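The values are calculated or read from the model by the stated rules, or taken from the named source; none is laboratory data. Worth saying up front: this structure is predicted, and the values here are computed from it rather than measured. Please note: Cβ atoms are built from the backbone with ideal geometry, for glycine as well, and neighbour counts cover all protein chains shown. For accessibility, only protein heavy atoms count, side chains too; no ligands or nucleic acids. Shrake-Rupley method; radii C 1.70, N 1.55, O 1.52, S 1.80 Å.
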Amino acid sequence: MQFLSIEDDNAVRIAAEALSAGLLVAFPTETVYGLGADVFNPKALAAVFAAKGRPRFDPLIVHIADPAALERIARLSLLERASRERAAALMARFWPGPLTLILPRGGEVPDLATSGLPTVAVRFPAHPGAQRLIRLSTGAIAAPSANPFGRLSPTRAEHVREGLGDRVDIILDGGPAEVGVESTVLDLCTDPPRILRPGGISRERIEEIAGSLAAESCGAGSLLSVPAASPGMLKSHYAPRTLLSVHSREEMLALDYRPGEGILFFDGTSRDAWFATQKMPVPPPVPPAVSSVRGMPLSPGAAPQAKPETIPVYRVFSEGGDLSEAAAKLFELLHDFDGLGLSRIRAELAPDTGLGAAINDRLRRAQGV
Ligand code: AMP
Ligand code: MG
């Protein structure tokens, strides 16, 4: 496996050639890192499923970097007029960006990319390096998140290296992902459209452009009963290795500290209130775990002020309660905490509006049931 920088034009050219030749390239996008393969090459697509251990019924998102590439991927003419107009308006407003649209599938797209569905998921990422890579390759790259199936999504190149290692041919490093949660998946083949996965563009922002969406987002399905609308929406997903439970703010404030557990507060207010109820001064947060210490127990050096077991281990998603900041830090903090050898992670839910819906969706799925 080669580990290269996406800032290096030569590296991007090498990676694009690798994609065109049917190899796998992990690359940064503004949401999370993707595991890319040429969408027109079924062998390369099969390698993506194998590398991730992803079930074949879970379709892939096709990434384009030029609206013209859409013609090869989707057949907008098959949509009703109202849906076609919505599609055009949403693309004009949110592309490039973290919005994936489910559209009627184009004839060139192999079955493996869509799991045999008559529809295809398409996104135009905003990351300039990702765009260069896609344009220099075949122009349409299937890319699920670059993590083993069911695990935390990678927001850094190091997460990809740890999770997939030599199962990927090239990893392009572009630093931490800006948005931090995956794209919103919106089904435009239904009227009204339906959110299949909350993500980087909130329901509220989509409704401003497309009108009212179906009230309920797609419910989480199970591995055994494949939900028709969005096969990948499994109840347990995005899971750390450490046991995780999610809590409302009220529940959080009523929790007593148990040594060995780690707490992720949504904001500074919540942290301060919790330490006040514990009648403890607020200690400095545990320092971020460097990826290389993953899996190691918290060393005494990480918390020099007192014995580690007497200091509550905590981090805060966003000191000021900013949802974008919390989303950007979500997987990062979960990855870090997962490397500390904690007995359990307790995470506070975000307010359920805007990006909070995507954050809470990921936290609940990380909890499993
Ligand atoms: P990932 O790229 O792994 O973060 O997940 C992409 C998700 O998009 C999948 O798990 C599916 O649930 C959803 N998806 C992809 N293609 C389709 C499609 N044709 N219809 C409905 N959902 C889809
Ligand atoms: Mg994923």
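A few remarks follow.
- Reciprocal of mean inverse Cα separation for the chain (Kirkwood radius, Å): 21.1 Å
- A straight Cα-to-Cα reach below 15 Å connects Lys279 with the aspartates and glutamates Asp256, residues fewer than 8 places away in its own chain not being considered.
- Distance from the alpha carbon centroid of the stretch 106-176 to that of the stretch 234-254 works out to 27 angstrom.
- Summing Cβ point charges (Lys, Arg +1; Asp, Glu -1) relative to the Cα centre of the chain gives a dipole of roughly 740 debye.
- What the Cβ-Cβ distance of Asp66 and Asp166 gives, at R0 = 35 Å and to the nearest 0.05, is a FRET efficiency of 0.65.
- Ranked by the mean number of other Cβ atoms within 10 Å per residue, highest first, peptides 52-58, 170-176 order as 170-176, 52-58.
- Under 5 Å between amide hydrogens, built in the peptide plane, is the criterion, and for Gly22 it picks out Asp38 among residues at least 5 positions away or on other chains.
- In this simple spin-label approximation, Ala89 and Ser324 carry label points 7 Å from Cα along the Cα→Cβ vector, and these lie 2.4 nm apart.
- Relative packing of 138-146, 68-76, 250-258, which averages over residues the other C-beta atoms within 10 Å, highest first: 138-146, 68-76, 250-258
- Between the alpha-carbon centres of the stretch 335-357 and the stretch 257-275 there is a gap of 11 Å.
- Segment Ser212..Met1, full-extension length gain: 71.4 nm, with 0.36 nm per residue of separation and the alpha-carbon distance subtracted.
- Kirkwood Rh in Å, taken over all unlike Cα pairs in the stretch 90-225: 16.5 Å
- Net length gained if the chain between Asp191 and Asp8 were fully extended (0.36 nm per residue, minus Cα distance): 61.5 nm
- Length-normalised contact order of the stretch 115-193 in % [C-alpha pairs under 8 Å, at least 6 apart]: 20 percent
- Inter-probe distance in nm under a simple model that places probes 7 Å from Cα toward Cβ, at Ser115 and Leu243: 3.0 nm
- Translational D in µm²/s for the stretch 43-106 (Stokes-Einstein at 37 °C, 0.692 mPa s, Kirkwood Rh from C-alpha pairs): 244 µm²/s
- Highest average packing first - 7-19, 116-128, Cβ atoms within 10 Å: 116-128, 7-19
- Here the chain carries DSSP beta bridges of which approximately 40% are antiparallel, counting only pairs with both residues inside.
- Relative contact order of the stretch 9-130, defined on C-alpha pairs under 8 angstrom at six or more residues apart (%): 30 percent
- Per-pair calculated FRET efficiency, R0 = 51 Å: Ala276 and Ala21 via Cβ, rounded to 0.05: 0.30
- Per-residue surface analysis assigns His335 an accessible area of about 20 Å², computed on protein heavy atoms at 1.4 Å probe radius.
- Theoretical ellipticity at 222 nm over the chain - DSSP helices of four or more residues, -39500 (n - 2.57) apiece, nearest 500: -9000 deg cm²/dmol
- Selection from Thr277, Gly320, Asn41, by position along the positive dipole direction of the chain (Cβ): Asn41
- Nearest 10 degrees, 0 to 90: helix 323-338 Cα axis against the chain principal axis: 70 degrees
- Relative contact order, percent, the chain [alpha-carbon distance under 8 Å, six or more residues apart]: 19 percent
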